[in-house]
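Everything below concerns the one structure shown next.
FYI, it's all coordinate maths here, none of it is from the lab. Since the model is a prediction, treat every value here as computed from it, not as a measurement. For neighbour counting, all protein chains shown are included, and Cβ atoms are generated from backbone atoms with ideal geometry for every residue, glycine included.
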Amino acid sequence: MKAKKTDFSKGSVYRNILEVAVPMTAAQIVSLLYNIVDRMYIGRIPGEGRIALTGLGICFPIIMMINAFANLFGTGGSPICAMEQGKGDYEEAQKVMGNTCTLLVAAGLALMILGMVFNRPLLYAFGASDITYPYARDYALIYLAGTVFVMISLGMNGFINNQGFARTGMMTVVVGAIMNIILDPVFIFVFDMGVQGAAIATVLSQMVSALWVLRFLTGKTTTLHLRPAVMRLKLSRVKNITVLGLTGFMMQFTNSVVQIVCNSTLQTWGGDLYVGVMTVMSSIREIFNMPAMGLTNGAQAVMSFNYGAGQYDRVKKAIKFTAATGVIMFTVLWGIVTVFPAFFVHIFNSDPKMIEACVPVMHIYFFGLFMMSLQFCGQSIFVALGKAKYAIFFSIFRKIIIVVPLTILLPGMWNLGTNGVFAAEPVSNFVGGAACFITMLCVVMPELNGKKKKSQVV
């Protein structure tokens, strides 16, 4: 059956966005299952679930850093490859794809070696204690062994989607996630391997996803073929890929920095229990972010197309729809998490101490959640209209300039203690979200209005 293609230049803008956003949201949900499922099962290991979950949370910065480098080359190479296809230069498109693959493999090997060699000081710097370190180490070392698989499955899948094989690209994620869901309980509980079992299941799943990608890109169906001849690096090509991928890299990198600071500060003020609480908070936030990422990514495609086509009224409609929908969506989620906080904690762990510690923290951490939607919306608009520098700045502004200093300073002020760490998040959402969205309105809207008037004159 022929895949349906959405024409972004025609019909309802809102429908265009939803036609792209809905499958993207589904992909986000499936993708998130990799790590979320690990946490759900690990949190239920008899007698040690809470500590094991905390150990896994300490590994988050490593996972985020690997994802950051996958984004650096994957989101940098994929658009360039698509542009070359659009020009009809399929040979150059293949070389961009091949160079990206080489960079991903090289970076994966480097990260694997560095992570394994320095795992102990890194994990202690990320918030490990003598109690949680063995769990973090067991998960991290196995996960690091599969770094190359992670890099390929995440970084190369975009080259499948850009050729118009969206279903195949979707299956890359689905196959891996389903395998992880099946293997997790087998290795964790049946083979009694605990945290190590979760890591093995994840690595095997990522390996299958990576092999799926490589099999397609080297097969007969694909338009662009991955082969040794196109994988030879060229400096100018590497530079273009890296520069374009910096936006995606910085967003993931700053997430990693924030996680490190939060874990280490919480270890100082609250110990292992509150590092575990942050693991739960981060997991719930990831769940909430899924529909927002699906919405904004879908809107990006619509806005970029119409911006390039000079249909600025449609761009403005897309901006208004994205902002309004995002605010409504996050307001509803805020209401749900406020009324039923314990429900979300139970997803990951049912330890009474964990629930007792998490519930009051959730009211702080998720306060004013709707403001985060303005950050998502503003950054996605900047990227869609080719203003990635603004997106990078506001990612750094919210996380590095606001969250990091507040996370360090607030616990020692007004006897806030651990509550100060969690209070940094809503403050950053209000300040960063408002600053990002207002700047977007001041920069983008006058430009769109000005171009509209100019086109009318012409």
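For the reader, a short list of remarks on this structure follows.
- When the pairs 316/387; 320/399; 353/399; 239/399; 95/220 are compared against a 22 Å limit on Cα-Cα distance, 320/399; 353/399; 239/399 fall above it.
- Cβ charges +1 (Lys, Arg) and -1 (Asp, Glu), total dipole of the chain, debye: 1900
- The residue list 372, 326, 57 was ranked by how far each Cα lies along the charge dipole of the chain toward its positive end, using unit charges on Cβ atoms, and 326 comes out on top.
- q = 0.18, 0.24 Å⁻¹, the stretch 348-458: log10 I(q)/I(0) [Debye, one scatterer per Cα]: -0.91, -1.20
- Applying 0.36 nm per residue to the separation of residue 434 and residue 145 and subtracting their alpha-carbon distance, the gain on full extension is 99.9 nm.
- Our coupling estimate for the stretch 116-129, obtained by passing each phi through the Karplus curve with A = 6.51, B = -1.76, C = 1.60 and θ = phi - 60°, is 5, 5, 10, 4, 5, x, 5, 5, 5, 5, 7, x, 6, 10 Hz, Gly and Pro reported as x.
- Charge-dipole axis of the chain as Lys and Arg at +1 and Asp and Glu at -1 on Cβ define it, positive-most pick from 391, 449, 251: 449
- One decimal place: the segment residue 90-residue 189 gains 30.7 nm when fully extended, by the rule 0.36 nm per residue minus the C-alpha distance.
- The distance between label points at residue 268 and residue 285 comes to 1.9 nm (points 7 Å beyond Cα on the Cα→Cβ vector).
- Across the stretch 234-246, rounded Karplus estimates of 3J(HN,Hα) from the backbone phi angles (6.51 cos²θ - 1.76 cosθ + 1.60, θ = phi - 60°) give 10, 4, 4, 5, 4, 4, 4, 4, 5, 4, 5, x, 4 Hz, Gly and Pro being marked x.
- Cβ-Cβ distance of residue 225 and residue 449, R₀ of 51 Å, FRET efficiency by 1/(1 + (r/R0)^6): the value works out to about 0.65.
- The relative contact order of the chain, computed from alpha carbon pairs under 8 Å that lie at least 6 residues apart in sequence, is 22 percent.
- Kirkwood analysis of the Cα pair distances in the stretch 215-323 returns a hydrodynamic radius of 18.6 Å.
- Considering only 238, 274, 189, the residue lying farthest towards the positive end of the dipole of the stretch 13-457 is 238, judged by Cα position with unit charges set on Cβ.
- Karplus-derived 3J(HN,Hα) values for the stretch 312-320, using 6.51 cos²θ - 1.76 cosθ + 1.60 with θ = phi - 60°, are 6, 4, 5, 4, 5, 4, 5, 4, 4 Hz; glycine and proline are entered as x.
- Amide H partners (placed H, <5 Å) of residue 226, local residues excluded: 218
- Coordinate range along principal axes, alpha carbons of the stretch 171-228, Å, largest first: 44, 21, 11
- Of the trypsin sites (Lys or Arg not before Pro) found in the stretch 213-287, those in coil by DSSP whose Cβ has at most 15 other Cβ atoms within 10 Å are 220, 232, 234.
- Taking Cβ atoms as reference points and 13 Å as the exclusive limit, the residues near residue 57 contribute a net charge of 0, counting Lys and Arg as +1 and Asp and Glu as -1.
- Taking all Cα-Cα distances within the chain, those exceeding 43 Å account for 12%.
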